[in-house]
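First up is the structure itself, then whatever we jot down about it.
The values are calculated or read from the model by the stated rules, or taken from the named source; none is laboratory data. All figures in this text were calculated on a predicted structure; none of them were measured in a lab. As a convention, Cβ positions derive from the backbone with ideal geometry for all residues, glycine included, and neighbour counts pool all protein chains shown.
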There are 2 protein chains.
Amino acid sequence: MRIHIQNPPPDDLFVITPQQWADCAARRPDVGQGHDISYADDDAGFAKGIADAEILIGPPGVLKGRSLAGAKALKIVFVMAAGMDKLMPFDWLPPGVALLNNRGAHGPKMREFALMALAMLNNRMPAYATQQRRAEWTGHFTTILRGKTCTVVGVGDLGGNAGAAARSQGMKTIGVRARPAPHPEFDRMVAISDIDSVLPESEFLVLACPLLPETRNLLSRERMQKLPRGAKIVNVGRGPLLDQDALCDLLESGHLDGAVIDVTTPEPLPPDHRAWNTPNLVITPHVSADSPATYNPDSLDILLENLRARRDGKAMPNQVDLAKGY
Amino acid sequence: MRIHIQNPPPDDLFVITPQQWADCAARRPDVGQGHDISYADDDAGFAKGIADAEILIGPPGVLKGRSLAGAKALKIVFVMAAGMDKLMPFDWLPPGVALLNNRGAHGPKMREFALMALAMLNNRMPAYATQQRRAEWTGHFTTILRGKTCTVVGVGDLGGNAGAAARSQGMKTIGVRARPAPHPEFDRMVAISDIDSVLPESEFLVLACPLLPETRNLLSRERMQKLPRGAKIVNVGRGPLLDQDALCDLLESGHLDGAVIDVTTPEPLPPDHRAWNTPNLVITPHVSADSPATYNPDSLDILLENLRARRDGKAMPNQVDLAKGY
């Protein structure tokens, strides 16, 4: 097929290279070979590449705002991201073109980050970071994670791996998702409409769901207040999933014991934002799920698995349901 | 037997209670029942208790500097700590009295702390903490721990659990100890006299050995310089195991990528010490291995296991070799 890869700028860690494609194609020669690939990282290259492309590949930040009106042969857009929020609404997508995400490319890195965040919160590292800023030596002795309860909101690739991380330390796990079918990493599954029922027992709460109109402000001030005193929060989804001001307020008041947030509102977080100095709040700059060694290879493998499914007349597992947004 | 328990002050988290003793005795009634126990946390109580005690129990800070000259019946001193450095030299110990440590009481907590520290260093959390102090949003994308090399110096209860933590993430593990017999958590064991041979491949180095005359300044400036550029250090042993000024210098120069130190020189670290503000250095106040829920029960269980060995005419597994210091 004619495939156009629109890359981020050349100095970006996540540029897809011809070598990466060749390696990926060699792993699945039945669907990887025989394609005609173009690469670009500028507007002219995009216009030329998209003119006859059947598949377009690129990250959300690079695809956002581009017109696909002239892409008469286009069949598939493969977005190098799990969350589609930057590309919503989908009015830019020509009718009949399939939209794929790279769900599955973030797992091992997310599992390690979630493990780290849970252990950091349990060992009160956010408090020690706050104390270190004022050169204060005060110990807080804590018990281990085993037996404590971790609720994960969103049980896709990210949330499933967060659940696996929690379970690897012997935590009790509760999964929250739209359709709560049983999941191997969770002791219990709850519908998102019933989230309020599990908040009082959620000592640790991990947000790992997509940002959609119905999940915006999901963790509102009221819901944070329903968490037990001393609860700990991890956000690896999107900043607007929670009320950031309420998070800061409740960390300051001590109702919440600590938080590790890898996503903020907005991003980057402005230098004068109160969150930088909020006690017991650890901020990382949206790095929780992307390993430069594996992100592109794993993403391209996922694309080829989808092309294999398409060739075999099956549904493509990564196709985004445009009505749902994931 | 007559047992005297000399406790820390009443507000301390680690006071041994009669209920803890009773629970412990019930778990091993063959060696736990029938003892005559006294408790004290002051000088008068110590003098009274020690007069006829056969076993003395207490933490190093509470036992340090006390005379045992009048303890004519004393057979065993059980120290509530793994490291004996605070109590060395052992000239205060009457001849013929066995000195026991509580090696084994720190394992699960240490495993979680080591896992956290390794993941934090791998995910560049020390750099993010440094950036957060200046409200800076800059991402550093890293690969996962799998396949990277972790060297652990000291392979007792602490170091063995640190090795288990590293291995649980698929790291290659090298153990360094005085007598390098094979160990289940380490791919390779090296004698401490050969430590220089493994430094160049040690991307992560964990110090978990006792502080002895021969381990003081073990990780000297010269040895830190032999680590690969970008190496990461964890110290859960004792502060003087490493050259703290060299650590700060080499973090500032960028030769070292980050460090998590739970022990410092001195402790507490004075408010004006440069380490508090050294970039990419995370400091915790000697909390890595003590869980308040399990520390006393596990320690008392260890004591009873030793009493059982003694009753059966076996060597007590926790007896400290006074010549070695551990």
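Structure summary
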item	result
Considering residues of the range B:146-170 that are touching a residue at least 24 places away in the same chain (Cβ under 8 Å) and among the charged types (D, E, K, R) only, the residue farthest from the other protein chains (Cβ to nearest Cβ)	B:ASP157
Single match in B:ASP43, B:ASP85 (criterion: loosely packed, with under 12 Cβ neighbours inside 10 Å, over 18 Å from B:TYR295 (Cα atoms) and more than 14 Å from chain A (Cβ to nearest Cβ))	B:ASP43
Residues that are in a helix (DSSP H, G or I) and touching a strand residue (DSSP E or B) at 6+ places or on another chain (Cβ under 8 Å), drawn from the range A:1-50	A:PRO18, A:TRP21, A:GLY45, A:PHE46, A:LYS48, A:GLY49, A:ILE50
Condition check for B:HIS106: of a type outside the set (A, V, I, L, M, F, W, C) and either under 13 Å from the mean Cα position of the chain (by Cα) or within 28 Å of B:LEU13 (Cβ to Cβ) (or both)	yes
Failed criterion for A:GLU185 (all others in (1) more than 14 Å from every other protein chain (Cβ to nearest Cβ); (2) touching a residue at least 40 places away in the same chain (Cβ under 8 Å) hold)	(2)
Residue under evaluation A:TRP276, criteria (1) of a type outside the set (Gly, Ala, Ser); (2) farther than 21 Å from A:HIS106 by Cα; (3) more than 10 Å from chain B (Cβ to nearest Cβ), criterion not met	(3)
Residue within the range B:132-145 that is closer than 27 Å to A:ASN161 by Cα, in contact with an Asp or Glu (Cβ under 8 Å, 6 or more places away or on another chain), of a type outside the set (S, T, N, Q) and in contact (Cβ under 8 Å) with a residue 40 or more places away in the chain present	no
Residue in the range B:124-142 that is more than 14 Å from chain A (Cβ to nearest Cβ) and under 24 Å from the mean Cα position of the chain (by Cα) present	no
Any hit, the range B:64-74, residues being on the phi < 0 side of the Ramachandran plot and assigned to a helix (DSSP H, G or I)	no
Any hit, the range A:141-161, residues being among the basic types (Lys, Arg), at positive phi and surrounded by fewer than 24 Cβ atoms within 10 Å (Cβ to Cβ)	no
Pick from the range B:105-116, criterion more than 7 Å from every other protein chain (Cβ to nearest Cβ) and touching a Phe, Trp or Tyr at 6+ places or on another chain (Cβ under 9 Å), ranking: nearest to B:VAL234 (Cα to Cα)	B:HIS106
Hits in the range B:106-129 - residues which are crowded, with 21+ Cβ neighbours inside 10 Å and over 18 Å from B:GLY163 (Cβ atoms)	B:ASN123, B:ARG124, B:MET125, B:PRO126, B:TYR128, B:ALA129
Odd one out for A:LEU158 among (1) touching an Asp or Glu at 6+ places or on another chain (Cβ under 7 Å); (2) closer than 30 Å to A:LEU303 by Cβ; (3) assigned to a helix (DSSP H, G or I)	(1)
Filter result (exposed (fewer than 15 other Cβ atoms within 10 Å of the Cβ) and assigned to a helix (DSSP H, G or I)) within the range A:196-218	A:ASP196, A:SER197, A:PRO200, A:GLU201
The one condition in (1) surrounded by 13 or more Cβ atoms within 10 Å (Cβ to Cβ); (2) hydroxyl-bearing (Ser, Thr, Tyr); (3) part of a helix (DSSP H, G or I) that B:SER193 fails to fulfil	(1)
Scan of the range B:279-326 for residues that are at the interface with another protein chain (Cβ under 10 Å from one of its Cβ atoms) and in contact with an Asp or Glu (Cβ under 7 Å, 6 or more places away or on another chain), ordered by number	B:THR284, B:HIS286, B:VAL287, B:SER288
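Per-residue answers, yes or no, for (1) modelled with pLDDT of 95 or more; (2) buried (at least 17 other Cβ atoms within 10 Å of the Cβ); (3) at negative phi; (4) small (Gly, Ala, Ser):
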| position | (1), (2), (3), (4) |
| --- | --- |
| B:LEU13 | no, no, yes, no |
| B:ALA26 | yes, no, yes, yes |
| B:PRO29 | yes, no, yes, no |
| B:PRO59 | yes, yes, yes, no |
| B:MET80 | yes, yes, yes, no |
